[in-house]
1. Can you confirm whether region 157-167 contains a residue that is assigned to a helix (DSSP H, G or I) and of a type outside the set (A, V, I, L, M)?
2. Only one of (1) modelled with pLDDT under 90; (2) within 11 Å of the chain's Cα centre (by Cα) is not met by Leu163, so which one is it?
3. Just one of (1) touching a helix residue (DSSP H, G or I) at 6+ places or on another chain (Cβ under 8 Å); (2) surrounded by fewer than 21 Cβ atoms within 10 Å (Cβ to Cβ); (3) of a type in the set (D, E, K, R) trips up Lys13, so point out which.
4. Would you confirm whether any residue within region 137-145 is in contact with a His (Cβ under 9 Å, 6 or more places away or on another chain) and loosely packed, with under 15 Cβ neighbours inside 10 Å?
5. Quick test for you: out of Leu171, Leu133, pick the one residue that is in contact with a Gly (Cβ under 6 Å, 6 or more places away or on another chain) and surrounded by 23 or more Cβ atoms within 10 Å (Cβ to Cβ).
6. From the residues in region 1-24 that are touching a residue at least 24 places away in the same chain (Cβ under 8 Å) and of a type in the set (Ser, Thr, Tyr), which one is nearest to Gly193 (Cα to Cα)?
Amino acid sequence: MTEIALSTSGLNKKFGSLVVAGDISLELPRGARYALIGPNGAGKTTLINLMTGMLAPDSGKITLGTEDITAVPPDVRVKRGLVRTFQINTLFPNLTPLEAVTLAVCERRGEAGVWWKSLPSCKAAADEAYGILSSLRLGEHCERPTKQLAYGQQRLLEIALALASKPKVLLLDEPAAGVPKEESGELFAAVAGISSDISVLFIEHDMEVVFRFASRIIVMVSGRILVEGTPDEIAANERVREVYLGSGHV
């Protein structure tokens, strides 16, 4: 039986008369690589905000593993393994990637306020941080100031910071936003190497990337799930082509 890492059931959210999430039920299996696509305003980021507790649903249920987290605060969800990135980077430009990720590891371990008192612990955190950066192909850039990194590398650094919290589920909100097209494939190739113990759901508008890296695709339109399927099934779906993909994916 497939282990479900994250699920929603009957999730609803309205702003006045505007439905931004309508009866959304989905399951993200452990280790899955799912894409969430749809036109602008479809409700994709809203769904992630609901999953992570940034927004409270009007009704419905969110489950992390076997635990109902519908009413759990966002910071507690992070500690329990549900982590996200945002469309816009929020990095420390003057820190190196190694410094930033080491601090994130120390924060997870509860050592951030006393890291200067315990050099052995700091070294262990730095070693873990370097391992995370290397897994995302940032090892050779780990001692450069963040502001000197290419934008695609900065996006990978944000993912590295998310991985420092040891997530069970990683939600990526347009990780390639603003990244030159020639770099986005490299970014997702690095993301594809993330541990198979971690479930990944990503929002992305570049369909070449989506069809290359997602094992299943969820299509949202007007706050609702239109269809879910394999890349081949989505590419062949006439309704999806009509409302989003166009005639280029036949």
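The values are calculated or read from the model by the stated rules, or taken from the named source; none is laboratory data. It should be emphasised that the depicted structure is a prediction, and the values quoted were computed from it without experimental measurement. Backbone-built Cβ (ideal geometry, glycine too); neighbour counts: all protein chains shown.
1. From region 157-167, those assigned to a helix (DSSP H, G or I) are 157-163; that's our starting set.
Applying the additional criterion that residues be of a type outside the set (A, V, I, L, M) yields 158.
Yes: region 157-167 contains one or more residues that are assigned to a helix (DSSP H, G or I) and of a type outside the set (A, V, I, L, M).
2. (1)
3. Going through (1) touching a helix residue (DSSP H, G or I) at 6+ places or on another chain (Cβ under 8 Å); (2) surrounded by fewer than 21 Cβ atoms within 10 Å (Cβ to Cβ); (3) of a type in the set (D, E, K, R) one by one, Lys13 breaks only (2).
4. Let us first name the residues in region 137-145 that are in contact with a His (Cβ under 9 Å, 6 or more places away or on another chain), namely none.
No: zero hits.
5. Working: Leu171 fails: in contact with a Gly (Cβ under 6 Å, 6 or more places away or on another chain).
Exactly one residue qualifies, and that residue is Leu133.
6. My answer is Thr2.
Every residue, every condition in (1) among the hydrophobic types (A, V, I, L, M, F, W, C); (2) assigned to a strand (DSSP E or B); (3) over 25 Å from Glu111 (Cα atoms); (4) in contact with a Pro (Cβ under 6 Å, 6 or more places away or on another chain), yes or no:
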{"site": "Gln153", "(1), (2), (3), (4)": "no, no, yes, no"}
{"site": "Leu172", "(1), (2), (3), (4)": "yes, yes, yes, no"}
{"site": "Ala176", "(1), (2), (3), (4)": "yes, no, yes, no"}
{"site": "Leu187", "(1), (2), (3), (4)": "yes, no, yes, no"}
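Here's the yes/no breakdown for (1) touching a residue at least 12 places away in the same chain (Cβ under 8 Å); (2) more than 19 Å from Gly41 (Cβ to Cβ); (3) within 18 Å of the chain's Cα centre (by Cα):
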position	(1), (2), (3)
Gly152	yes, yes, yes
Arg155	yes, yes, yes
Pro175	yes, yes, yes
Pro180	yes, yes, no
Val210	yes, no, yes
